[in-house]
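Below is one structure; the comments refer to it alone.
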Amino acid sequence: MGIHDWARGSLQQALAGAVQENFTEEQALRAMLSVVVERSAALRSADDLAQELIFLADNLDPDRDYTFMRP
């Protein structure tokens with residue numbers, strides 16, 4: 001099992017717990033994202049973390065066409 005598989009499994013378990021507490025999936029994901037960023041900021045520089053978040057935000061669209069990938 002890779003680290004991303006582990007993370008996905010952990011997320012599924014946490015979301016199931018959130019639903020049992022009567023939170024929506026959106027509420028739980030937003031709170032988790034906030035906590036993950038907060039915790040990451042304690043381990044990494046603000047610039048490093050910001051660059052990763054910008055990269056992730058810039059690549060949210062799964063249908064985005066990258067010119068460098070064209071034949």
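The values are calculated or read from the model by the stated rules, or taken from the named source; none is laboratory data. In this text, all values refer to a predicted model and were calculated from it rather than measured experimentally. Reconstructed Cβ throughout: ideal geometry from the backbone, glycine too, with neighbour counts over all protein chains shown. Protein only, heavy atoms only, side chains kept; ligands, DNA and RNA dropped before computing areas. Shrake-Rupley method; radii C 1.70, N 1.55, O 1.52, S 1.80 Å.
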Inset, instruction - Report the charge-dipole magnitude of the chain in Debye, nearest 20, computed about the Cα centre from +1 at each Lys and Arg Cβ and -1 at each Asp and Glu Cβ. - result: 140
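Divide by every residue of the chain the summed helix terms, -39500 (n - 2.57) for each DSSP H run of at least 4, and state the resulting mean residue ellipticity at 222 nm, rounded to the nearest 500 deg cm²/dmol. Could you put the intermediate results ahead of the total?
Details: 3 runs with 48 residues, N = 71.
Result for the chain: -22500 deg cm²/dmol, rounded to the nearest 500.
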Legend entry - Label corresponding to Cα extents along the principal axes in Å when calculated from the structure given, among (i) 48, 30, 27; (ii) 67, 41, 13; (iii) 34, 26, 17: (i)
Legend entry - Helix 25-41 axis, angle to the chain major axis (alpha carbon atoms, nearest 10°): 70
Legend entry - Inter-site label distance for A14 and A42 at 7 Å from Cα along Cβ, in nm: 1.4
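Where the accessible area of region 1-44 is counted over protein heavy atoms with a 1.4 Å probe, how much of it, in %, is carbon and sulfur? Walk me through the numbers on the way to the answer.
Numbers: 2240 of 3900 Å².
Solvent-exposed carbon and sulfur of region 1-44 make up 57 percent of the total.
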Legend entry - Karplus-derived HN-Hα couplings along region 49-65 (A = 6.51, B = -1.76, C = 1.60, θ = phi - 60°), whole Hz, x at Gly and Pro: 5, 4, 4, 5, 5, 5, 4, 5, 5, 5, 10, 6, 7, x, 9, 5, 9
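Subtract the Cα-Cα distance of I3 and L56 from 0.36 nm times their separation in residues, and report this length gain in nm to one decimal. Provide the component values of the computation, followed by the final result.
Details: separation 53, 0.36 × 53 = 19.08 nm, distance 1.76 nm.
Extra length from I3 to L56 when fully extended: 17.3 nm.
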Inset, instruction - Would you be so kind as to identify which of M1, L15, L60 lies farthest towards the positive end of the dipole of the chain, taking Lys and Arg as +1 and Asp and Glu as -1 on Cβ and the Cα centre as origin? - result: M1
